[in-house]
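These notes concern the structure reproduced below.
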Amino acid sequence: MPVVKVYEFTGERAGELEVSPEVFDVALNMPVVHQVVVAHLANCRQGTHSTKTRGDVSGGGKKPWRQKHTGRARQGSTRSPIWAHGGVAHGPHPRDYHQKVNKKVRQLAMKCVLSDRVREDLLLIVKGLDTIEKPSTKTMKNLLTAIGAEKALVVYHTNPNGVNIVKSVRNLPGMKCLNADSLNVYDILKAKNLVMTPEVIKRLEEVYSA
């Protein structure tokens, strides 16, 4: 069975934890991971971009000059895209970039990247992380430095002190904090290390072992 290193909140090593092979020992499927990441980035796009065509800008109507015998190129409107203050040709308009990904595909991609992090020894468990009573950037920095977590994604489970964890991490450069229910493939791949609590491991096993 795959094992993950466990640390105390002080940064001291506290042994290892066996994790479910159904979730943390899955072969890497790059096409599936790629599909989920592309869909994630597409779904993050607002799609509110908009430009005005020649029919939307003000002005025009009258032909600038007669068609022939002026020595100039023929023009039909001053709102043409080739004129200053004219409309935009083939510009972007509001649209929906949403891409649908099947639930089983998303789950497989998540298990693939989690398993890859375990195999690379980049998934670390910290006991007592959710017991932090007040935000402390210094304490969190000392902890992550002690366990060798650089550019880490800190994942916590829903608890009353979750906001303290978020506030302790958000001012550290290269660090990010997420709730276990908001964990996604893109952020896992973007981070170098994964730092979780034992409760998060249990939550992931419950969700992805079914």
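For the chain, adding -39500 (n - 2.57) for each run of n ≥ 4 DSSP H residues and dividing by the number of residues yields -10000 deg cm²/dmol at 222 nm. Here the contact order of segment 109-182, divided by its residue count and restricted to Cα pairs under 8 Å and six or more residues apart, works out to 32 percent. Both radii are taken from the alpha-carbon atoms of segment 110-210; with Rh as the Kirkwood radius, Rg/Rh is 0.93.
Charge tally around T131: other residues with Cβ under 13 Å, Lys/Arg +1 each, Asp/Glu -1 each, net -2. Beta bridges per DSSP, both residues in the chain: antiparallel share near 20 percent.
Spacing of the modelled spin labels on K52 and A89, each 7 Å from Cα toward Cβ, amounts to 1.9 nm. Database remark: amide H of V195 closer than 5 angstrom to the amide H of L124, L153, V154, V155 (H placed geometrically; neighbours at sequence offset of 5 or more, or on other chains; Pro and chain starts carry no H).
Of all the options H157, H49, H69, the one that moves most in a Gaussian network model of the chain with Cα springs shorter than 10 angstrom is H69. Legend: calculated FRET efficiency, S80 to K100, from the Cβ-Cβ distance at R0 = 45 Å, rounded to 0.05, equals 0.70.
Report, to two decimal places, the Cα Rg of segment 1-91 normalised by 2.2 N^0.38 Å (N = number of residues). Don't jump to the answer; show the numbers that get you there.
Values: Rg = 31.0 Å, N = 91, 2.2 N^0.38 = 12.2 Å.
In units of the 2.2 N^0.38 Å rule of thumb, it is 2.54.
At an R0 of 30 angstrom, the distance between the Cβ atoms of S182 and M1 translates into a FRET efficiency of 0.65. Compare V57, V113, V200 in a GNM of the chain, Cα atoms joined below 10 Å, and give the one with the largest fluctuation. Sorting by GNM fluctuation, first place goes to V57. The calculated FRET efficiency for T139 paired with N29, based on their beta-carbon distance and R0 = 35 Å, is about 0.35. Mean-square fluctuations from a GNM of the chain, with a 10 angstrom spring cutoff on Cα atoms, peak among V38, V154, V185 at V38.
Once the mean of 1/r is taken over each pair of separate Cα atoms and inverted, segment 45-104 shows a Kirkwood hydrodynamic radius of 14.3 Å.
Sparsely packed loop sites in segment 1-47 (the trypsin sites (Lys or Arg not before Pro) outside DSSP H, G, I, E and B with at most 16 other Cβ atoms within 10 Å) comprise R45.
Computed over protein heavy atoms with a 1.4 Å probe, the carbon and sulfur contribution to the accessible area of segment 50-94 reaches 52%.
The values are calculated or read from the model by the stated rules, or taken from the named source; none is laboratory data. Every value quoted in this text rests on a predicted model; they were computed, and no experiment measured them. Using ideal geometry, Cβ is built from the backbone for each residue, glycine included, and neighbour counts are taken over all protein chains shown. Surface accessibility is based on the protein's heavy atoms, side chains included, excluding ligands, DNA and RNA. Shrake-Rupley method; radii C 1.70, N 1.55, O 1.52, S 1.80 Å.
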